[in-house]
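The values are calculated or read from the model by the stated rules, or taken from the named source; none is laboratory data. Values in this document were obtained by computation on a predicted structure and should not be read as measured data. Positions of Cβ are generated from backbone atoms using ideal geometry, with glycine treated the same way; all protein chains shown enter the neighbour counts.
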Amino acid sequence: MQEPVTDPQTVHQSKFSTGTVLEIIAVHGRAGLSEFDAHLDFRIKLIPYDGDDGWVEGGALAAIHETLRATEPPAVNGECEYCRFAHQAMGAAAR
């Protein structure tokens, strides 16, 4: 059984009901109109997404905080294409 939270650090610990449905706003410019007439037309659509935010309370925020407060960057993940690119770019910048 978890201890009661006396100093809430997250929305969930504060007992606010946030639900799991996220609304993504998709905005698309309308192409192929016959006139520009000094304005742009857009189609706007709300896309509901039912998500799972369990990872937030599962230690992810603590790990992010620890990484950001560290004096050294984390080790490069050799399987991550962006990580390899950034590591190589930083090495080139240091020369």
Selection from the range 1-29 of residues that are farther than 22 Å from H65 by Cβ and either at pLDDT 80 or above or among the β-branched types (V, I, T) (or both): T20, V21, I24, I25, A26, V27, H28, G29
query: If you check R84 against the conditions, is it basic (K, R) and modelled with pLDDT of 80 or more?
result: yes
field: In the range 54-95, the residues that are exposed (fewer than 10 other Cβ atoms within 10 Å of the Cβ) and acidic (D, E)
entry: E72, E79, E81
message: Need the failing condition index for I44 against (1) assigned to a loop (DSSP other than H, G, I, E, B); (2) loosely packed, with under 10 Cβ neighbours inside 10 Å, just the number.
response: (1)
- line: Pairs returned, first residue in the range 48-76 that is aromatic (F, W, Y), second residue that is in a strand (DSSP E or B), beta-carbon separation under 6 angstrom, 6 or more apart or interchain, are Y49/L22; Y49/I24
field: Positions within the range 44-85 being within 19 Å of the chain's Cα centre (by Cα), hydrophobic (A, V, I, L, M, F, W, C) and within 29 Å of A26 (Cβ to Cβ), in sequence order
entry: L46, I47, W55, V56, A60, L61, I64, C80
